[in-house]
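All of the numbers you see were taken from the coordinates with simple rules; none came from a lab. A quick note: this is a predicted structure, and the numbers were derived from the prediction, not measured. Here Cβ is always computed from backbone atoms with ideal geometry, including for glycine, and neighbour counts include all displayed protein chains.
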Amino acid sequence: MKTEITICLGSSCFSRGNGKNLELIQEYIKTKGLEAEVNFKGQLCTENCYRGPMLIINSQSYYEVTKNKLIEILEKELNRHE
Ligand code: FES
């Protein structure tokens, strides 16, 4: 089953870190060669801005995703496919 990553691209999340997180995730997928295993898409604001930047991986929501936290999350969520 593909890993589904959905990043919030609403203006609040985007300016609070998801702009960078977006690039980081794309980079991560590319470097690890996970293109075929990951479905990466954006979504609009879900009114969780106060806990942003947020993203969802396989229906699990992650909030206040800093750069370091994002790497940890990606390692955890994507390594099981290796
Ligand atoms: S902008 Fe992401 S939840 Fe509102």
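Observations
- For segment 3-79, share of DSSP beta bridges that run antiparallel, in % to the nearest 5: 50 percent
- Simple rule: put +1 on each Lys or Arg Cβ and -1 on each Asp or Glu Cβ in the chain, find the dipole, and look at Gly10, Tyr50, Tyr62; the Cα lying farthest toward the positive end is Tyr50.
- In this label model, Lys20 and Glu47 are separated by 3.0 nm, measuring between points 7 Å along each Cα→Cβ vector.
- Size of electric dipole in the chain: Cβ of Lys, Arg +1 and of Asp, Glu -1, about Cα centre, debye, nearest 20: 140 debye
- Counted charge near Asn21, where neighbours are those whose Cβ lies closer than 13 Å (Asp, Glu -1; Lys, Arg +1): 0
- Coil-residue GluC sites (Glu not before Pro) of segment 9-52, DSSP, other Cβ within 10 Å capped at 15: Glu35, Glu37, Glu47
- Candidate cross-link partners of Lys20 among the aspartates and glutamates, defined by an alpha-carbon separation under 14 Å and a same-chain spacing of 8 or more, comprise Glu64.
- For the chain, Cys with no neighbouring Cys Cβ under 4.7 Å: Cys45, Cys49
- Between 0 and 90°, nearest 10: helix 67-79 axis offset from the chain longest Cα axis: 40 degrees
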